[in-house]
1. Is region 88-99 home to any residue that is in a helix (DSSP H, G or I), touching an Asp or Glu at 6+ places or on another chain (Cβ under 9 Å) and surrounded by fewer than 21 Cβ atoms within 10 Å (Cβ to Cβ)?
2. Name every residue in region 12-32 that is touching a strand residue (DSSP E or B) at 6+ places or on another chain (Cβ under 6 Å), assigned to a loop (DSSP other than H, G, I, E, B) and either modelled with pLDDT under 95 or not assigned by TED's automatic domain parsing to the domain that holds Glu66 (or both), in order of residue number.
3. All but one of (1) at pLDDT below 95; (2) outside any helix (DSSP H, G or I); (3) surrounded by fewer than 18 Cβ atoms within 10 Å (Cβ to Cβ) hold for His67; state the number of the condition that does not hold.
4. Looking at Ala208, Ala268, which one is touching a strand residue (DSSP E or B) at 6+ places or on another chain (Cβ under 9 Å), under 18 Å from Asp308 (Cβ atoms) and surrounded by 18 or more Cβ atoms within 10 Å (Cβ to Cβ)?
5. Which number in (1) closer than 30 Å to Gly429 by Cα; (2) outside any loop (DSSP other than H, G, I, E, B); (3) among the charged types (D, E, K, R) marks the one condition that Glu256 misses?
6. Scan (1) outside any helix (DSSP H, G or I); (2) within 21 Å of the chain's Cα centre (by Cα) for the single condition Lys251 breaks and write down its number.
7. Scan region 12-32 for residues that are closer than 15 Å to Thr98 by Cα and of a type in the set (S, T, N, Q) and report the count.
8. Looking at this structure, is Arg357 without any contact (Cβ under 8 Å) to a residue 60 or more places away in the chain, over 25 Å from the mean Cα position of the chain (by Cα) and crowded, with 18+ Cβ neighbours inside 10 Å?
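The values are calculated or read from the model by the stated rules, or taken from the named source; none is laboratory data. On a predicted model such as this, the values are computed, not experimentally measured, just so you know. Every residue, glycine as well, gets a Cβ built from its backbone with ideal geometry; the counts of neighbours run over all protein chains shown.
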Amino acid sequence: MNEYIQAVRQRNAGRTRRAAVVTFGCQQNEADSEKLRGMAAEMGYTVTDDVKIADLIVVNTCAIREHAEQKALSTIGQYKHLKAKNSELVIAVCGCMTAQAHRVEELKNSYPYVDFTFEPSVLDRFPEYLCEVLDRHRRGFHIGEAAGEIREGVPILRTGSTKAWVSIMYGCNNFCSYCIVPYVRDRERSRDYHFVLDEVRDVVAAGAKDVTLLGQNVNSFAGGCSFAELIEKISEIDGDFRLRFMTSHPKDVSDELIAAMAKSRNAARHFHLPLQSGSDAVLKAMNRHYDRAHYLTIVDKLRAAMPDIALTTDIIVGFPGETEEDFEATLDILRRVRFDMIYSFIYSPRSGTPAARMENQIPDDIKSARMQRLLAVQDEISYAKNCDAVGKTLRVLVDGASKNDPDVYAGRSEAGKLVHFRADVDVTGQFVNVRITRAEPFCLHGEPEI
């Protein structure tokens, strides 16, 4: 990697070259884009958010749903005129979409201004692929290359100093029947925990107050210690910071992890525990490897250990074969658990997954109607949960001021709830105690105790 970084850097010496990284998708993609920006900066590019002045554009794509891919393709299509204006512009596409052969062929044949593609599992080879294009003046489409071992020391250029993403593992071994991720991000690979600890120390020393550990299933971390042990080790690091993680698979949530969270002074009292469906029949068809009883047992254990914990979840509506009874079972779980918030999605068939080939695909009108019913139930629960916070004082990490009113600030509580308040001094990036005075379904309002 370093030799290619130096080769491109020498090529750019004495010239102003700008690079823009455009990101779609999840937090892991955001973390990957920070590495792409870091490598671009090391290669002599000035990183910019303005694609119109860029000499290098990297589009980091998502493939979790068809809509995400179409959105990325539409954006890439808009760069055709930029290439026409600047013949030296290099356009690269990476991310989960480019690990699918049919999408790579589409980019190769229908987007002739795209110079090269590469998969997320070989992100560190970005400088090598760029160097090939610059030296040989020919396009390259890299797919099916072995991921190999995790390469440490990849440069990172973070977009902010207050919050930090720290990847602890890559890939997935679970093969949920609806999910494309195991096919596009390869098998599970964990970083050595020593490197994880070093990175957390570095970001905290640099001012990070909210650190999120990332992995497709962090519970299966195997980098020389268990995930519970990793939480314990990170909690020994000096500094005033919150520790979060995602995503956690219910089948792997251990008693040791719950105990480690409860004991930790840093672990946020917030657990994102994807349910996907409240129906045992649907969960089996999804290949989730747990049932509703097991899920509810985890919820009980979490609340017993941490009574103030906030719970959030993911729900898929309209999975193939989902009956009205199955859907009602999901609504029943919502009413029993009373999640603080849910992230809900209408099922989208992904080519190459078992679920896309299943019979009894649910009509769009039924899926949409069920989604509206789901949201109506959860909105009422979220509002009631938020009303419980009125009168309480929450410690809020401030993201910044409103674009419309510079005296109104927004931040997140330990539970991840959005909090708005007025302040006559700039408190961006600080922890502020806010007394909650009013609640809405999706946010809280309060007065700062400054």
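1. The first filter runs over region 88-99 and keeps only residues in a helix (DSSP H, G or I), leaving 96-99.
Remaining after also requiring touching an Asp or Glu at 6+ places or on another chain (Cβ under 9 Å): 96-99.
Checking the rest, the ones that are also surrounded by fewer than 21 Cβ atoms within 10 Å (Cβ to Cβ) come to none.
For region 88-99, residues in a helix (DSSP H, G or I), touching an Asp or Glu at 6+ places or on another chain (Cβ under 9 Å) and surrounded by fewer than 21 Cβ atoms within 10 Å (Cβ to Cβ): absent.
2. none
3. (2)
4. Values: Ala208 fails: under 18 Å from Asp308 (Cβ atoms).
Just a single option satisfies the conditions, and that option is Ala268.
5. The failed condition is (1).
6. Among (1) outside any helix (DSSP H, G or I); (2) within 21 Å of the chain's Cα centre (by Cα), the lone unmet condition for Lys251 is (1).
7. Residues of region 12-32 closer than 15 Å to Thr98 by Cα: 22-25, 29, 32.
Restricting the remaining residues to those that are of a type in the set (S, T, N, Q) gives 23, 29.
Of the residues in region 12-32, 2 are closer than 15 Å to Thr98 by Cα and of a type in the set (S, T, N, Q).
8. Details: without any contact (Cβ under 8 Å) to a residue 60 or more places away in the chain: yes; over 25 Å from the mean Cα position of the chain (by Cα): yes; crowded, with 18+ Cβ neighbours inside 10 Å: no.
So Arg357 does not fit the description; no.
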